[in-house]
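The values are calculated or read from the model by the stated rules, or taken from the named source; none is laboratory data. Predicted model, so just to flag it, every value in this text is computed and none were measured. Positions of Cβ are backbone-derived with ideal geometry, glycine not excepted, and every protein chain shown enters the neighbour counts.
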Amino acid sequence: MDDARVGALFILLSGTGFGTLGVLGVVAGDAGLSIPTVLFFRFGLASVLVTAALAARGELELLRGRNLAAGVGLGAFGYAAMSGLYFVGLEYMTAGMVGIVLYTYPAFVLVLAAVFLEERVGRKSIAALLVTLGGVALITGADPAAADPRGVGIVLVAAVVYATYITISRTALRDVSAPTLTAHVLPAAALTFLVIGAATNSLAMPQTAVGWGSVIGIAALGTAVPIFAFFAGLSRIGAGPASILSAVEPVVTVALGAVFLAEPVSVVVIVGGLLVLVGVVLVPRRQ
């Protein structure tokens, strides 16, 4: 199996892991956990898992200078900002509309990658992007009446932040290994939500087994594993294709929602899922 295919598989694994966040997030919310609490435990526990794994493999490395600043910045101001804005957007719009708006980020990635990383944007990439976004729109159940302008603005900012995060991550990987960068991104994001939670007096320990199970699942299945996989794939296939392949995430979310939350799956959702898969197949191996 060539390097491009391995990279694509890593990105698909990442999207699958991130796809569990929706269901686990609902469970955490039902357990009474606030957004800062969920995100603090998400990144904090994931930091422990990643650090332990790297230490066990003898690969734990501390960054210094510019690389340290990049890792901390990506976590504290990139990934944390995108995650926080996403959850704030949910307070103004339906989850479907938030999903649609957030998944405009591949378009921003393609532009940023072309401008700053000199990656070629060909017709096949554009076609794959359009097909994939069309599928995502169907999957998440577009509802124009639920498109609160405030929510649209907040999540559009989240999409731009995420696109910038992806592009800068690709640049950082030229000097730093993906696992090492991940080990610095996660604790920085955790610190951000610790500060926010303390400032707003909204941090609380989970009080039930369900609460603990949800945050542990979010940290492991929904964060540590998919972030490792994403960086590993990103370094192999480039920012543009990686962002398009990541659109498998809503397919996984819809499937898990149907199985575990009894959410309805309509013909439109099935057609949307097929479009996303077609878009994945159309993605060029490398740009």
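Quick look at the numbers
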item	result
Wholly enclosed helices (runs of 4 or more DSSP H) of the stretch 1-87 bearing at least 3 residues modelled with pLDDT of 90 or more and not small (Gly, Ala, Ser)	3-18, 35-56
Ser243 vs. criteria modelled with pLDDT of 75 or more, crowded, with 17+ Cβ neighbours inside 10 Å and within 30 Å of Arg174 (Cα to Cα)	no
Filter result (among the charged types (D, E, K, R) and at pLDDT below 75) within the stretch 143-158	Asp143, Asp148
Boolean, Ala46 is of a type in the set (A, V, I, L, M), in contact with a helix residue (DSSP H, G or I) (Cβ under 9 Å, 6 or more places away or on another chain) and buried (at least 23 other Cβ atoms within 10 Å of the Cβ)	yes
Number of the exception - Glu91 against (1) surrounded by 19 or more Cβ atoms within 10 Å (Cβ to Cβ); (2) modelled with pLDDT under 85	(1)
For Thr132: the one exception among (1) in contact with a Gly (Cβ under 6 Å, 6 or more places away or on another chain); (2) under 16 Å from Tyr79 (Cα atoms); (3) of a type in the set (S, T, N, Q)	(2)
Options Val280, Val225, Val252: the member that is crowded, with 17+ Cβ neighbours inside 10 Å, hydrophobic (A, V, I, L, M, F, W, C) and at pLDDT 85 or above	Val225
Flag if Thr140 is over 17 Å from Gly99 (Cβ atoms), buried (at least 23 other Cβ atoms within 10 Å of the Cβ) and either in contact with a helix residue (DSSP H, G or I) (Cβ under 8 Å, 6 or more places away or on another chain) or modelled with pLDDT of 80 or more (or both)	no
Residue selected from the stretch 233-256 under the condition assigned to a helix (DSSP H, G or I) and among the polar types (S, T, N, Q), by the criterion farthest from Gly122 (Cα to Cα)	Thr253
Residue satisfying condition, being within 13 Å of Gly211 (Cβ to Cβ), surrounded by fewer than 23 Cβ atoms within 10 Å (Cβ to Cβ) and touching a residue at least 60 places away in the same chain (Cβ under 8 Å), within set Thr16, Thr51, Thr37	Thr37
Answer residue from the stretch 94-113, given it is over 20 Å from Gly279 (Cα atoms), among the aliphatic types (A, V, I, L, M) and modelled with pLDDT under 75 and is surrounded by the fewest Cβ atoms within 10 Å (Cβ to Cβ) among those	Ala95
Breaking point among (1) among the hydrophobic types (A, V, I, L, M, F, W, C); (2) over 24 Å from Pro106 (Cα atoms); (3) over 14 Å from the mean Cα position of the chain (by Cα), for Ile168	(2)
